[in-house]
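Encoded as structure tokens, the structure appears first; notes follow it.
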Amino acid sequence: MGIKSFQGARKQQNASTPTSLKVKDYMTTNLITFRPDQSVQEVVESLIKHKISGGPVVNEKQELVGIISEGDCLKQLSESRYYNMPLEHDNVEKRMAINVETIDGNLDVFDAANKFLQSKRRRFPIIENGKLVGQISQKDILKAALELKGENWNSTTKRGS
């Protein structure tokens with residue numbers, strides 16, 4: 001008595017292969033951004049008000065020049081206490097990370113998931129024609145995966161009944 005493989009029948013269902021989900025379809029486009037000349041105190045107030053952990057820094061042409069995070073602000077807070085300098089004397093440009101890794105809006109969300117895992121970043125900005133157009137977060141990727149999972153499972157269940 002041989003063991004039957006059930007994989008063969010499933011491989012014939014190539015017609016149900018889902019279309020690729022792109023980062024640009026799940027990115028956030030309504031972003032809270034910061035300016036290089038803003039005070040760190042303003043950034044902290046904005047992070048708290050909007051319940052976010054960081055955001056892109058753009059110049060007057062909407063070009064990405066850096067990223068500022070809670071961690072950058074905490075570091076400034078710690079140093080200001082150590083050196084007895086008030087928060088309002090430091091600006092974003094002095095505290096932001098300038099080597100910003102971006103992601104292509106046409107990248108498949110599953111490739112983006114791998115990029116998140118490899119880089120250990122929480123979000124990536126998306127640039128088009130030199131301008132900041134959006135941002136993708138780990139949560140956005142998870143939402144895309146849930147949508148795809150529902151689509152696949154529903155169509156597979158209906159076919160198999």
Checklist line | Hits in region 52-70 (condition: in contact with a strand residue (DSSP E or B) (Cβ under 8 Å, 6 or more places away or on another chain) and under 17 Å from residue 122 (Cβ atoms)) | finding: 53, 54, 55, 56, 57, 64, 66, 67, 68, 69, 70
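Which one of these is closer than 27 Å to residue 108 by Cα, at pLDDT below 95 and buried (at least 16 other Cβ atoms within 10 Å of the Cβ): 64, 21? Quick ask: steps written out before the conclusion?
Working: 64 fails: at pLDDT below 95.
The match here is 21.
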Check: Checking residue 54 against (1) crowded, with 18+ Cβ neighbours inside 10 Å; (2) under 30 Å from residue 145 (Cα atoms); (3) at pLDDT 95 or above, which test does it fail?
Finding: (3)
Check: Which condition does residue 155 not pass, out of (1) of a type outside the set (Lys, Arg); (2) surrounded by 11 or more Cβ atoms within 10 Å (Cβ to Cβ); (3) modelled with pLDDT of 85 or more, if it passes all the others?
Finding: (3)
Notebook entry, point to check: Are any of the residues in region 82-95 in contact with a helix residue (DSSP H, G or I) (Cβ under 6 Å, 6 or more places away or on another chain), more than 29 Å from residue 24 (Cα to Cα) and surrounded by 12 or more Cβ atoms within 10 Å (Cβ to Cβ)?
Noted result: yes
Item checked: Identity of the residue in region 24-51, surrounded by 14 or more Cβ atoms within 10 Å (Cβ to Cβ), over 19 Å from the mean Cα position of the chain (by Cα) and charged (D, E, K, R), that ends up nearest to residue 121 (Cα to Cα) -> 35
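Suppose the filter is under 16 Å from the mean Cα position of the chain (by Cα) and without any contact (Cβ under 8 Å) to a residue 12 or more places away in the chain; does residue 117 pass it? Please lay out each step first, then the result.
On the way: under 16 Å from the mean Cα position of the chain (by Cα): yes; without any contact (Cβ under 8 Å) to a residue 12 or more places away in the chain: yes.
Criteria met by residue 117.
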Next item on the list: Being surrounded by 12 or more Cβ atoms within 10 Å (Cβ to Cβ), closer than 19 Å to residue 68 by Cβ and of a type outside the set (A, V, I, L, M, F, W, C) is the filter here, so list the residues in region 110-130 that pass it.
Entry: 121, 122, 123, 125
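Can you confirm whether residue 81 is under 30 Å from residue 39 (Cα atoms), under 12 Å from the mean Cα position of the chain (by Cα), among the basic types (Lys, Arg) and modelled with pLDDT under 90? Lay out the reasoning, then the answer.
Details: under 30 Å from residue 39 (Cα atoms): yes; under 12 Å from the mean Cα position of the chain (by Cα): no; among the basic types (Lys, Arg): yes; modelled with pLDDT under 90: yes.
Judged against the criteria, residue 81 is not a match.
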Notebook entry, point to check: Pick from region 21-57 the residues that are among the small types (Gly, Ala, Ser) and outside any loop (DSSP other than H, G, I, E, B): which of them is farthest from residue 103 (Cα to Cα)?
Noted result: 39
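The values are calculated or read from the model by the stated rules, or taken from the named source; none is laboratory data. Quantities reported herein were computed from a predicted structural model and do not represent experimental measurements. Don't worry about glycine lacking a Cβ; one is built from the backbone with ideal geometry, like all the others, and counts go over all protein chains shown.
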